[in-house]
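K.L.:
Let me give you the structure first, and then I'll get to my questions.
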Amino acid sequence: MPTVQSAPGAPPRARILLAEDNTVNQKLVVRLLERSGYCVDVANNGREALDAFNQRPYDIILMDCQMPQMDGLTAAAEIRRREGILTHTPIIALTANSQQQDRQLCRDVGMDDYLSKPFHWDALFDVVERWLPKRARRPLDTPPVQGASTGVGATCSLPHLDHKVLAELRELNGDDDPAFFQTLIMNFLSDTAQHVTDMLRAFTTRDVGELKRKAHYLKGTCGNLGAKRLGTFSKELQTAAEAGDLGLAGALLTQIEADVPILKQALMAELTTKEREDAQSAPMRPWPQSILIVEDERNMRMIIKRIVMRLGCKCVQDAFDGTRARTLLKQGPVELVITDWNMPSMDGLQLLRYMQQDSHLRQIPVLFLSGDAEVHRVQEAIGAGAIAYVVKPFTPALLEKKLKEIFAFAGWASDLPTIYYAYCSRGAFKG
């Protein structure tokens, strides 16, 4: 947990608990508060916030409302229950939901104040100063960094970036963390890639609740980094998901997919030459060397094997059905499974479900190849855990192209971490 030590003889500084699951938001808020003299501990969800609260007293708690495992409302209510009537720690709600009923929910569970995301940095310091005891307030000689509002507009004609916000974020670099801005950008790109993948999976399986949550999360991240255009699309996607409008959601996801590479290029241009070199020199995994092909048609097995070997994959095993594949999976490490659906003895879906029951095997990406383009079949495969679904027939060039994309998106020879991508998730299907 990040902390700041007080100088000898200095008045005690406030200790703040930040409960926030968005890593970009964490880094921003911690940096701002620490530079203004506060000590900050971070909890990634409501359960961690309760654990931290049990370990030490805090002068104030900044609580995001939507977090995994335990949300902020539940955590705040539990803190109030544990405090009883003798103590009262100020709890400030942080949320992108700004309706009156949302504010009332926060008050009902015992929260003291409300800060709507994305917020102006002045608003953050105002609410912190308002609720801190006088002894713990920010020293007068360490004023907060001034910042522009990170809200996004409502039209698609917005520029990709708010350069004023980025300039202010760069000013947060310091001798104690000279790579702060570079790390912030790379964290954002990494997290955004994961969120887009999660939204694609949610759309494919028609999980509008998950789609809404992921769009909401991405909207807040974009707002804090000044990614105006992507933030706008995320906001509109959240609204479409809330309305159950999958047609509009699909169109917005298409736009988001097209927007992310352009945004990445624009953000990388904000880095200095050295920062870009440092970011791009991070170690990368080689492309997968151990691949298992599961296909009952012999010629198709030969074609797929030839393609993956041309891509540099040296250890390629094959099986004619899921039963044989299960045996091979037990015998040695496999980095990627490419499987047909309809096979004798054990089909591809049964194999995938078997793998999902094993803590090790479920980590292996699975690519489905099938002649069935029905939307419910795609949803069933992706919902069961497949990372991609490619419809037969396909040309060798197309499969090679798709495999290269999967390798890159999955973190092999890529500067992004492991993420999953579902092909054929929208445009190829109706309904």
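The values are calculated or read from the model by the stated rules, or taken from the named source; none is laboratory data. Please read these numbers as outputs of a predicted model, since none were measured by experiment. Heads up, the Cβs are rebuilt from the backbone with ideal geometry, glycines too, and the neighbour counts pull from every protein chain shown.
K.L.:
Among the residues in the stretch 66-76, are any touching a residue at least 12 places away in the same chain (Cβ under 8 Å) and either at positive phi or not assigned by TED's automatic domain parsing to the domain that holds R47 (or both)? Let's see the steps before the verdict.
P.N.:
Just the residues of the stretch 66-76 that are touching a residue at least 12 places away in the same chain (Cβ under 8 Å), to begin with: 66-76.
Still in the list and also either at positive phi or not assigned by TED's automatic domain parsing to the domain that holds R47 (or both): 69.
Checked against the condition, which is being touching a residue at least 12 places away in the same chain (Cβ under 8 Å) and either at positive phi or not assigned by TED's automatic domain parsing to the domain that holds R47 (or both), the stretch 66-76 yields at least one hit.
K.L.:
Can you pull out every residue in the stretch 51-95 that is touching a helix residue (DSSP H, G or I) at 6+ places or on another chain (Cβ under 6 Å), closer than 11 Å to C106 by Cα and in a strand (DSSP E or B)?
P.N.:
Listed by number, the residues that qualify are M63, D64, I91, I92, A93.
K.L.:
What's the number of the only condition in (1) of a type outside the set (S, T, Y); (2) touching a strand residue (DSSP E or B) at 6+ places or on another chain (Cβ under 6 Å); (3) touching a residue at least 60 places away in the same chain (Cβ under 8 Å) that L32 fails to meet?
P.N.:
Checking L32 against (1) of a type outside the set (S, T, Y); (2) touching a strand residue (DSSP E or B) at 6+ places or on another chain (Cβ under 6 Å); (3) touching a residue at least 60 places away in the same chain (Cβ under 8 Å), the one that fails is (2).
K.L.:
Mind listing whichever residues of the stretch 71-104 are among the hydrophobic types (A, V, I, L, M, F, W, C) and modelled with pLDDT of 85 or more?
P.N.:
So in the stretch 71-104, the residues among the hydrophobic types (A, V, I, L, M, F, W, C) come out as 73, 75-77, 79, 85-86, 91-94, 96.
Within the stretch 71-104, L73, A75, A76, A77, I79, I91, I92, A93, L94 qualify.
K.L.:
Can you tell me which residue among I304, I256 is of a type in the set (V, I, T), crowded, with 18+ Cβ neighbours inside 10 Å and within 30 Å of L166 (Cβ to Cβ)?
P.N.:
Details: I304 fails: within 30 Å of L166 (Cβ to Cβ).
Answer to the check: I256.
K.L.:
On to the next question. Would you mind finding the one in Y38, Y58 that is under 21 Å from F181 (Cβ atoms) and of a type in the set (F, W, Y)?
P.N.:
Numbers: Y58 fails: under 21 Å from F181 (Cβ atoms).
Only one candidate qualifies: Y38.
K.L.:
Which residues, taken from the stretch 379-407, are within 21 Å of L361 (Cα to Cα), touching a helix residue (DSSP H, G or I) at 6+ places or on another chain (Cβ under 9 Å) and of a type in the set (A, V, I, L, M)?
P.N.:
Selection gives A381, I382, A384, A386, I387, A388, L403.
K.L.:
Continuing with this model, one more query. Which of (1) surrounded by fewer than 18 Cβ atoms within 10 Å (Cβ to Cβ); (2) assigned to a strand (DSSP E or B) is the odd one out, the single condition L292 does not satisfy?
P.N.:
(1)
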